[in-house]
Structure formats: structure tokens, C-alpha cells
Amino acid sequence: MPKAQETVLEIDLKALRENYQYLRSQLENGVKFLAVVKAFAYGSDSTEIALELQKAGVDYFAVAYTSEGVLLRDAGISKPILVLHPQAINLKTIIDRCLEPNLYNNKILDAFLAAAADENQTHYPVHIKFNTGLNRLGFIETDIPTIASKINKSRSIKVKSIFSHLAASEDLKEREFTLNQIKSFKALAKKLSDALGYQPMLHMSNTSGVLNYPEAHFDMVRSGIGLYGFGNSVKENQHFKPIATLKTIISQIHTIKKGDSVGYNRAFVSDSEQRTATLPIGHADGIGRQYGKGKGYVMIHGKRAPIVGNVCMDMIMVNVTDIDCKEGDEVIVFDATNTAEDLAKTAQTISYEILTAISQRVKRVFIR
Ligand SMILES: *Cc1c(COP(=O)(O)O)cnc(C)c1O
């Protein structure tokens, strides 16, 4: 891999394919694989990732918002795309671009029935979501008679799948809660299928559901974080390789005397002579202020350099007093060894957050 000459996010497409193959190997034959590529494929690049996964053989894609699905269609993704969180204002675009909406309440169901009829659709594929304990999006049991009768009265739409979402699949202490979610999903799905008179596909597992709950694989699984290289536990992480490496360089080195301060609001005041390196990456690139004041760190020549003082918009300063380094040297913010998850923990957050925070200003480079 070339040395960084500016801040770059390297995306390892071979690692992506291997993560996908590992997840696939956990499924029975015939179970479909939906790749979740929302939020720029967890901060990497949704179109490059989706094109690679389409080649590798995934069956389905999901995004959170309609505009993300449009981006995939524009890039030549031809597989079905589930839009997890559509709004009424998006429904015409959804139909125009052959995206498939999640219908999660009566308001969006009614709006979609009207939009599909307006556009002269027959049997347009939709997905019905049930709330089984996350209490975020989804119908509940008492909605079933109403939604079944609305859907059965219309020729415009057809339920392609019934799904739900696990609230704590990565937390083995919540096994009983999760098994209850699975049980109630089965009952809800049966009730709706019976009322519809046909059997849509069923799905409820995210990455940790794939790994921890084989009984929740049903007809399809929906995986995001695993594809990007995280298994949400020390044990499972061994089977995955993080695909993203965030690199930068040293712009300038300063020698700080005792009593000197570093950065805005003089958040760091030195009690001795120290050396700091200024790096061209800041909170506008995705390194939040919570990583400042010694919490977060970067790696320079294999050694930890903690962030000194406050994170600026476009820069951070790190302590390199004990590191033999010079201006222009490469810096690793995270990679497959010092992972995004490790860095996230220093600020009491999770890999998902730091990955999706990497802003569009950071250049993406693909390793094929
Ligand atoms: C984001 C999301 C997923 C993917 O979850 P991972 O933990 O990243 O595998 C699956 N389903 C829904 C509904 C989601 O919102």
C-alpha cells in the first residue's frame, strides 16, 4: 500500500469479499443475503461497495433513505433495493427508481397505496415491518386486520416480505429478550400471511443475529457491520477484517516548553518540554471533539500518539515526545490492527459511529 500524502480512507475490497463469504458460510443454503449499505456503506462508499457486493452475489440491498437508493440505481445497481425509512414525500421517487419501501405504519401504507394506484402499478413489491421490541419503527399485532384488508383490497401492491429488527442481538445477556422477539415475530408473520392468503419472505437478523441466532435467519438476513469487518465481540471479530484504514500525515512538528499551551481554549498546558505533531484531520473529517484531551490516539511508526487538547475543525495535535518521527511521516488513525472499534471505545462510543462520521471531505482510495 502506498504511503499516505494527505488524509485518505483506504477501502480494502478483498477484505469486503472475505467478510461477505464468512457471513454467507453461516447461512443454510437458500437463505438470501441482503447487504445494508446505508450511510455511504457505513462511511466507506456506497456505490463502490454495492457494485463489488453485487458482483460477489448478494441478493438484495438496503439503504435508510430514498436518496441513498437513487444513488445506487444511478451507479448501476440492478438488484432489489429496500428503503428502510421512507417518508411520504419520497414515494413517487421510490416507484420511479424501482426501489422497495418499508411500510411501517398506517400513514406510510395509505400514502404508498395512493401513490402506487396513481402510478398505475400492479403488485408493486413492498415490505411490512413489525415492531417486536425495539420500539423504533413497525406495526403491532392489533394493526394486522386493518393492514391486511387494505392490502387485499388493492391490486397496486404485493407484500414481498415481512420483517422485524432485533434490539440486542449482540448482547448475549439479553438472550431471553431476543428469543421472545423471535417468537413474537413468528406469530405476527403467520397472522399477517394467513390474512393475506400468501407467504411473503421473512427476515429479522442483522449481523449479530446472523452470528448468534441461527433460528432467526428465516428466508433472508440483513447484514451491515459484519461486511465492513466487525463482529461486535472479541470472539466474532476474529472472523472479520476491517475494510477501512484511515490514514493521514504529519504536517508540522512543534517543541512545546513547560507552561506553553496547545490548541483552542488552551485545553492543554504542558508541565514539561514536549513534542507535538499537527495532523490534517479534524472534527469536520469525523474525529469528534470527544476524542480530544488525551482520550483518542493515533499510531505513528507503531506507537500511540494521544490527541493533545481540543480537536479543531480541520486538525488535531498529537503528542510525539517519545516517537522518532518527522514532518511528512505517515499516521494511522485506524486500520485492521488498531481498529475503529478500539478508537471508538476511547470516547465511549461504537465502531458504527466513528465509521459513519468519516466525512465526504476525506478522499476514498480502493484497494482491489
Ligand atoms: C442498520 C440495519 C441493519 C444492519 O445492522 P448491522 O448491525 O450493521 O448488521 C439491519 N436491519 C435494519 C433494519 C437496520 O436499520
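Okay, here's what the table says:
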| read-out | value |
| --- | --- |
| 5 angstrom amide H check on F130, placed H, neighbours 5+ away | F139, F163, S164 |
| Net charge, L179 excluded, C-beta distance under 14 Å - Lys, Arg +1, Asp, Glu -1 | 0 |
| Dipole magnitude of the chain, debye to nearest 20 (Cβ charges: Lys/Arg +1, Asp/Glu -1, about Cα centre) | 540 |
| Calculated from backbone phi, Karplus (6.51, -1.76, 1.60) coupling profile of region 122-130 in Hz, x at Gly/Pro | 10, 6, 5, x, 10, 10, 9, 9, 10 |
| When the convex hull of its Cα atoms is projected in every direction, mean area for the chain (nm²) | 19.6 |
| Region 274-330, dipole about Cα centre (Lys/Arg Cβ +1, Asp/Glu Cβ -1), debye to the nearest 20 | 320 |
| Computed [θ] at 222 nm, deg cm²/dmol, the chain (DSSP H ≥ 4; -39,500 (n - 2.57); rounded to nearest 500) | -9000 deg cm²/dmol |
| Charge dipole of the chain about the Cα centre (unit charges at C-beta), most positive-ward option of C325, L82, N212 | L82 |
| Note, ³J(HN,Hα) from phi for region 18-31, Karplus 6.51, -1.76, 1.60, rounded to Hz, x at Gly and Pro | 5, 4, 4, 5, 5, 4, 4, 5, 8, 9, 5, 4, x, 6 |
| Cα lying deepest toward the dipole's positive end in region 57-204, options L196, A114, N102, charges on Cβ | L196 |
| Fewest-first sequence of I144, I108 by Cβ atoms within 10 Å of each Cβ | I144, I108 |
| In sequence order, calculated HN-Hα J values of region 293-301 (Karplus, 6.51, -1.76, 1.60; Hz; x Gly/Pro) | 6, x, 6, x, 8, 10, 10, 10, 6 |
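Just so you know, all these numbers are worked out from the coordinates, no wet-lab data involved. The structure displayed is predicted, hence computed values, not measured ones. Virtual Cβ from ideal backbone geometry, glycine too; neighbours counted across all protein chains shown.
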